[in-house]
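Enquirer: This is the structure I want to talk about, given as structure tokens.
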Amino acid sequence: MCPAHRSAPALDDGSVHVLATGEMVHVRRGRPEDLDQVNAMHLRCTATSRYHRYQAPRQRIGHAEWANLTDPALGTTWLVVPYDDPDAVVAVSHLMRTGPEGVSELGLLVEDAWQYRGVGTLLTHCAVNHAARGDDHTVTVMTDVANTPMLAIARRFGAVLPRTGSGTVDLTIRVPGPAGGRR
């Protein structure tokens, strides 16, 4: 398990973070009115990046889906924007309650030009901490077996990569804290 994630920041109020590259980003909750910016980011991503996230090369999120993703009753969505360009979304993350009680699913999409700067790791740290403050004991990630950045992030959080014969893999990250101690 990645020891640093125990002290990673929460993303509830919006916050500024310095990436490993020295760049500053603002992380805030996604809102219904952010859909156009999020879809513009999707179009800047390669089909490969979108495929890693969705297991399909989709180009956009529809209005009804975005309404669900930004509904606090269903989960939490965060956006990453450059500190000096708050109108440009460069990453989106969803932590959604989709499975049994105590389990949330994490999804990340980081714009290609912002990959390998620590954005995905930052969002994962914060999502796991958010889950720990709630009643979650597990965060799952479904991704493409060729998504090496997400596989590496999940490994740092203690996920064991199962053997698979398919193109997708389901990863399990145990959440630290009282709820995470339940099995």
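Enquirer: Considering only segment 38-49, I want to know if a residue exists there that is out of contact with any Cys (no Cβ under 9 Å at 6 or more places or on another chain), of a type in the set (K, R) and not in a helix (DSSP H, G or I).
Expert: no
Enquirer: Would a scan of segment 91-111 turn up a residue that is outside any loop (DSSP other than H, G, I, E, B) and without any contact (Cβ under 8 Å) to a residue 24 or more places away in the chain?
Expert: No.
Enquirer: Can you tell me which residue within segment 11-48, out of those that are within 18 Å of I153 (Cβ to Cβ) and out of contact with any strand residue (DSSP E or B) (no Cβ under 7 Å at 6 or more places or on another chain), is modelled with the lowest pLDDT? Break it down into steps so the answer makes sense when it comes.
Expert: At the first step, the residues of segment 11-48 found to be within 18 Å of I153 (Cβ to Cβ) are 11, 17, 19-21, 25, 27, 45, 48.
If we keep only those that are out of contact with any strand residue (DSSP E or B) (no Cβ under 7 Å at 6 or more places or on another chain) as well, we get 20-21, 48.
On the way: A20: 88, T21: 91, T48: 92.
Among those residues, the one meeting the criterion is A20.
Enquirer: Kindly provide the set of residues from segment 54-95 that are within 15 Å of G14 (Cβ to Cβ) and among the aromatic types (F, W, Y), ordered by number.
Expert: W78, Y83 - these are the residues of segment 54-95 that are within 15 Å of G14 (Cβ to Cβ) and among the aromatic types (F, W, Y).
Enquirer: Can you tell me which residue is surrounded by the most Cβ atoms within 10 Å (Cβ to Cβ) among those in segment 25-60 that are under 21 Å from H130 (Cβ atoms) and hydrophobic (A, V, I, L, M, F, W, C)?
Expert: V25
Enquirer: Would segment 163-179 turn up any residue that is modelled with pLDDT under 90, within 26 Å of L74 (Cβ to Cβ) and part of a helix (DSSP H, G or I)?
Expert: no
Enquirer: Another one. List the pairs whose first member sits in segment 56-74 and is closer than 27 Å to E101 by Cα and in contact (Cβ under 8 Å) with a residue 12 or more places away in the chain, whose second member is of a type in the set (A, V, I, L, M) and assigned to a loop (DSSP other than H, G, I, E, B), and whose Cβ atoms are under 9 Å apart, counting only residues at least 6 apart or on separate chains?
Expert: From segment 56-74, the pairs are L69/I61.
The values are calculated or read from the model by the stated rules, or taken from the named source; none is laboratory data. Predicted model only: the values in this text are computed from it and were never measured. Positions of Cβ are backbone-derived with ideal geometry, glycine not excepted, and every protein chain shown enters the neighbour counts.
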